[in-house]
1. Can you find, within region 254-294, the residue that is farthest from residue 166 (Cα to Cα) among those that are hydrophobic (A, V, I, L, M, F, W, C), open to solvent by 80 Å² or more (accessible area, probe 1.4 Å) and modelled with pLDDT under 75?
2. Here is a list: 212, 297. Which entry is of a type in the set (A, V, I, L, M, F, W, C), at pLDDT 85 or above, surrounded by fewer than 17 Cβ atoms within 10 Å (Cβ to Cβ) and under 30 Å from residue 163 (Cα atoms)?
3. Scan region 45-61 for residues that are of a type outside the set (Phe, Trp, Tyr), part of a loop (DSSP other than H, G, I, E, B) and open to solvent by 30 Å² or more (accessible area, probe 1.4 Å) and report the count.
4. Which condition does residue 65 not pass, out of (1) in contact with a helix residue (DSSP H, G or I) (Cβ under 9 Å, 6 or more places away or on another chain); (2) closer than 24 Å to residue 209 by Cα, if it passes all the others?
5. Within region 72-79, identify whether any single residue is farther than 30 Å from residue 188 by Cβ, assigned to a helix (DSSP H, G or I) and open to solvent by 80 Å² or more (accessible area, probe 1.4 Å), and answer yes or no.
6. Being in a helix (DSSP H, G or I), among the small types (Gly, Ala, Ser), open to solvent by 20 Å² or more (accessible area, probe 1.4 Å) and closer than 30 Å to residue 155 by Cα narrows it down to one of 92, 28, 83, so name that one.
7. Looking at residue 225, is it surrounded by fewer than 20 Cβ atoms within 10 Å (Cβ to Cβ), among the hydrophobic types (A, V, I, L, M, F, W, C) and either at pLDDT below 75 or within 20 Å of residue 90 (Cα to Cα) (or both)?
8. For residue 121, indicate whether it is open to solvent by 80 Å² or more (accessible area, probe 1.4 Å) and either out of contact with any helix residue (DSSP H, G or I) (no Cβ under 8 Å at 6 or more places or on another chain) or within 22 Å of residue 203 (Cβ to Cβ) (or both).
Amino acid sequence: MKVNKNNLIKRSTGEKIFSVFNYIFMVGIMFIMLYPLWYVLVASFSDPVALSGHSGFLFKPLGFSTDAYRLMTKNPMIFKGYGNTLFLVIVGLAVNMTLTCLGAYFMSRKNVPFQKPITLMIIFTMYFSGGMIPFYMTVMDLGLKNSLMSLILPGAVSTFNLIILRTAFASVPEALEESARLDGASHWRIMLQIVLPLSKASLSVIALYYAVGHWNAWFNAMLFLDDRELFPLQLVLREILIQNDTSSMTQMVNVGDSSFIGETIKYAVIIVSVVPILCIYPFIQKYFEKGVMIGAVKG
């Protein structure tokens with residue numbers, strides 16, 4: 001790398017070649033990550049018969065048909081699953097953030113009695129657990145079986161998220177807390193009016209972690225829910241994709257076309273299930289680096 005007379009940096013030939021290969025590599029990675037989603041999207045709008053005879057790459061719809069989305073609405077479980085998932089995200093997120101903020105504030109304060117042993121016991125749960133059977137028996141004994149609360153309360157606090165938020169709270173200058181105490185502020189007021197407003201970036205990241213976790217949750221629902229009316233969207237999606245259950249949506253088409261339209265319905269359901277997260281993520285993505293790094297620099 002050389003500097004010319006106008007104090008402008010001139011890149012060497014090797015650096016230019018490296019930049020070209022770097023751009024090509026990054027474009028390739030971007031294509032690998034985006035193409036599967038694009039394939040599902042265009043396949044969901046393709047003609048079922050034309051799609052069944054296609055092989056290889058797919059960059060645009062084969063024909064154009066919205067039958068998959070129209071028939072998908074014939075399945076009442078899609079809307080019930082959406083409603084149950086929204087309940088899990090809204091109520092679960094409120095429970096998660098409340099308990100995580102309280103725990104992180106406690107762990108970030110100094111001179112708190114028994115703070116270190118309690119913190120060690122909390123961290124211990126991140127590496128060791130009782131296993132699936134004790135977990136299932138605990139949920140049964142608490143009377144949470146076949147209830148949406150069985151998907152919220154057992155995992156109300158994530159130790160990983162708690163540690164990140166605890167470190168973020170600990171990075172708030174002590175002088176602010178001391179001045180607030182001189183003015184007679186209680187712990188509640190310090191947390192609500194000082195610590196939380198100064199930790200918005202970390203709170204946004206943790207909230208997105210919890211929200212995506214609730215939106216994608218299906219395993220605990222499969223374990224604890226027997227009533228299909230309580231199934232979240234991901235469990236309904238699992239039935240359609242893995243168990244190949246599209247019968248309730250293909251009854252209105254010809255018998256010969258039902259197997260073809262069933263494939264495009266699967267693609268349509270996938271798109272419907274991921275669109276909300278794709279719409280929300282760009283607005284919160286800017287907080288990721290800032291929020292997580294705040295909890296990593298100091299602590």
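The values are calculated or read from the model by the stated rules, or taken from the named source; none is laboratory data. Since the structure is predicted, the reported quantities are computational estimates derived from the model, not experimental observations. For neighbour counting, all protein chains shown are included, and Cβ atoms are generated from backbone atoms with ideal geometry for every residue, glycine included. Accessible surface is based on the protein model in full, side chains and every heavy atom, while ligands, DNA and RNA are left aside. Shrake-Rupley method; radii C 1.70, N 1.55, O 1.52, S 1.80 Å.
1. By that ranking, first place goes to 255.
2. So the residue among 212, 297 that is of a type in the set (A, V, I, L, M, F, W, C), at pLDDT 85 or above, surrounded by fewer than 17 Cβ atoms within 10 Å (Cβ to Cβ) and under 30 Å from residue 163 (Cα atoms) is 212.
3. So the answer is 7.
4. (2)
5. Yes, there is a match, as at least one residue in region 72-79 is farther than 30 Å from residue 188 by Cβ, assigned to a helix (DSSP H, G or I) and open to solvent by 80 Å² or more (accessible area, probe 1.4 Å).
6. Going through 92, 28, 83 in turn, the sole match is 83.
7. Working: surrounded by fewer than 20 Cβ atoms within 10 Å (Cβ to Cβ): no; among the hydrophobic types (A, V, I, L, M, F, W, C): yes; either at pLDDT below 75 or within 20 Å of residue 90 (Cα to Cα) (or both): yes.
No.
8. On the way: open to solvent by 80 Å² or more (accessible area, probe 1.4 Å): yes; either out of contact with any helix residue (DSSP H, G or I) (no Cβ under 8 Å at 6 or more places or on another chain) or within 22 Å of residue 203 (Cβ to Cβ) (or both): yes.
Yes.
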